[in-house]
Amino acid sequence: MARKLWAKRGLAALATGAVAVSLAACGGSGAGGGTDDGAGDGEAGGLVGVAMPTETYERWVADGDAVESGLEAAGYEVDLQFAGDDIPTQQQQIDAMINSGAEALIIASIDGTALGSQLEAAAASNIPVISYDRLIRDSENVDFYVTFDNYEVGVQQGTSLLTGLGVLDESGEPIADAGPFNIELFAGSPDDNNAGFFFEGAMSVLQPFIDDGTVVVPSGQTEFGTVAIQRWEQEGAQTRMEDLLTSTYSDGDAVVNGVLAPADVLSRGVITALQNSGYGEGDLTIPIVTGQDAEAASARLIREGVQYSTIFKDTRLLADQAVTAATAFLEGNEPEANDTETYDNGVQVVPSFLLPTVIVTADNLDAELIDSGYLTEEEVASGQVDE
Ligand code: BGC
């Protein structure tokens, strides 16, 4: 597929040559900026469109910044847009990128199925499309996917929930006679392909302990469709947790011991609901709550013993991979995949590059997040990232 793509791009280079040259003329001063490096492509310095879903999650802002600066350092012009989690806005932004001569697109979709006509337009102009972190579904016009090992993220979330509860020991071995513990389950947005991977990964670890009674879900709500939070919204998670506390825990008999929360923003919604109903005071200890994304606000809560864990996904490395993939396409090469089996988007298996992730708790927070330079001590202490 990629070879066919490049054959087509050879024609595109001719067709868009004027745009490429004019952009190159005002291109960045980084390595290769605006110059033909002799690789025979003549396209360095072109415009790359970068579409991110929202600025309400710290990670997407970090992703956008890192992709932009990486591309600029490689000599490309960048059109970076955030869509405020609004699907029509993202569609319009991508249309505009194509119309203004983007030579490659890097897209973190809001709804993975909603970009069909944009992708058709990109294909018609021979623009390679890199799906960023979230798989774009139901289209043959997705050329590459850069992401983390999303199933493994879920496994890590389930594992850290069990470790925090005391069902598993540090080496992952079951602890004899543990439980029973009451847990509730949350999942991400149903229109995000990742959400299902996270939930399946987590349930692969939790289900055996639900089956043998070590862990109980008192609400009985265990189906993805029931526990999913539309658009990954904090308020949605808070409201659902409040509803669960009212429906299932208000008679005072049962208490919540743990919550599978799939992203730090949702974790904080869950924690707010729990705190508002008295958890974290007196004998009512705050449950074990998982997370994802290593956001500063949650890193602070982890340090304070309020949130138990998060999953660290180093967005700097993901951005690097996106830049590497875009550069490969624009230089007429094929990006290197390390997974060509897992990510079937409904029409094709998209060649992917998967990055590893790390469980972070209070024990390794400083080593993983601060020593690596991902967050500063001040950011963790204040719970806010510096602008
Ligand atoms: C990402 C997560 C993020 C979530 C909500 C998912 O697609 O993989 O890192 O927490 O979206 O923005």
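Please verify whether the range 259-280 includes one or more residues that are modelled with pLDDT under 95 and either more than 14 Å from the ligand (Cβ to nearest atom) or surrounded by 16 or more Cβ atoms within 10 Å (Cβ to Cβ) (or both).
Within the range 259-280, none of the residues are modelled with pLDDT under 95 and either more than 14 Å from the ligand (Cβ to nearest atom) or surrounded by 16 or more Cβ atoms within 10 Å (Cβ to Cβ) (or both).
Pull out all pairs, ordered by first then second residue, where Cβ-Cβ is under 6 Å, the residues are six or more apart or on different chains, the first lies in the range 191-206 and is within 12 Å of the ligand (Cβ to nearest atom), and the second is assigned to a helix (DSSP H, G or I) and among the polar types (S, T, N, Q).
Short answer, once both residue conditions are applied: Asn194/Asn150; Phe197/Asn150.
Could you tell me whether the range 345-368 includes any residue that is crowded, with 19+ Cβ neighbours inside 10 Å and among the charged types (D, E, K, R)?
Checking the range 345-368: at least one residue is crowded, with 19+ Cβ neighbours inside 10 Å and among the charged types (D, E, K, R).
Limited to the range 173-198, what total is found for residues that are at pLDDT 95 or above and either open to solvent by less than 20 Å² (accessible area, probe 1.4 Å) or among the small types (Gly, Ala, Ser) (or both)?
Count: 14.
Give the residues of the range 351-377 that are under 17 Å from the mean Cα position of the chain (by Cα) and assigned to a loop (DSSP other than H, G, I, E, B), sorted by residue number.
Pro356, Thr357, Tyr374
Within the range 290-343, can you find the residues that are over 20 Å from Pro128 (Cα atoms), open to solvent by less than 60 Å² (accessible area, probe 1.4 Å) and over 19 Å from the mean Cα position of the chain (by Cα)?
Those that are over 20 Å from Pro128 (Cα atoms), open to solvent by less than 60 Å² (accessible area, probe 1.4 Å) and over 19 Å from the mean Cα position of the chain (by Cα): Leu301, Ile302, Gly305, Val306, Gln307.
Quick one: Leu162 ticks every box in (1) surrounded by fewer than 23 Cβ atoms within 10 Å (Cβ to Cβ); (2) more than 16 Å from the ligand (Cβ to nearest atom) except a single one, so which number is it?
Looking at each condition in turn, Leu162 falls short on (1).
Out of all the residues in the range 59-110, which are among the aliphatic types (A, V, I, L, M), open to solvent by less than 10 Å² (accessible area, probe 1.4 Å) and within 22 Å of the chain's Cα centre (by Cα)?
Matches in the range 59-110: Val67, Leu71, Ala83, Ile94, Ala104, Leu105, Ile106, Ile107, Ala108, Ile110.
List pairs: first residue in the range 109-126 and in contact (Cβ under 8 Å) with a residue 24 or more places away in the chain, second residue part of a loop (DSSP other than H, G, I, E, B) and surrounded by fewer than 17 Cβ atoms within 10 Å (Cβ to Cβ) anywhere in the structure, Cβ distance under 6 angstrom, at least six positions apart or on different chains.
Thr113/Asp138
The values are calculated or read from the model by the stated rules, or taken from the named source; none is laboratory data. If you're wondering where the values come from, they're calculated on a predicted model, not measured in any experiment. Reconstructed Cβ throughout: ideal geometry from the backbone, glycine too, with neighbour counts over all protein chains shown. The area values use the complete protein model at the heavy-atom level, side chains included, leaving out ligands, DNA and RNA. Shrake-Rupley method; radii C 1.70, N 1.55, O 1.52, S 1.80 Å.
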